[in-house]
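The values are calculated or read from the model by the stated rules, or taken from the named source; none is laboratory data. Owing to the predicted nature of the structure, the values given are computational and were not obtained by experimental measurement. So basically every Cβ, Gly included, is an ideal-geometry build from the backbone, and we count neighbours across all protein chains shown.
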Amino acid sequence: MKSDSSMVSVLLAAKPQLARAQSDKDKDFYENKCAALDRQVDALVYELYALTAADCLAVLELAVNWEAEKLYGVEGLGPFDEF
């Protein structure tokens, strides 16, 4: 696995490349690259804070709820709304 700072640098470089992608093939490539790098960064953060599997699931649920609220104005999708 790459070093933490190297992985973040690659992710930061990939985001503008995704925005500039013209073909569907390039868009798919950069979307997959960004998603894979996001997962690797998430794993490093979980490891850094010594999160349990249950903690990781809670974080993921919060992220999904937040994204749904941000994109669609949908509230109250899970048990973590009080946070």
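What to note about this one:
- Subset of segment 17-36 [touching a helix residue (DSSP H, G or I) at 6+ places or on another chain (Cβ under 6 Å) and either in contact (Cβ under 8 Å) with a residue 60 or more places away in the chain or among the aliphatic types (A, V, I, L, M) (or both)]: Leu18, Ala21
- When Ser9, Ser5 are screened for being at pLDDT below 80, in a helix (DSSP H, G or I) and among the small types (Gly, Ala, Ser), only Ser5 passes.
- For Val45, the stated conditions hold: it is surrounded by 12 or more Cβ atoms within 10 Å (Cβ to Cβ), assigned by TED's automatic domain parsing to the domain that holds Ser5 and either in a helix (DSSP H, G or I) or among the aliphatic types (A, V, I, L, M) (or both).
- Residue in segment 55-69 that is within 21 Å of Ser5 (Cβ to Cβ), at pLDDT 90 or above and either exposed (fewer than 14 other Cβ atoms within 10 Å of the Cβ) or aromatic (Phe, Trp, Tyr) (or both) present: no
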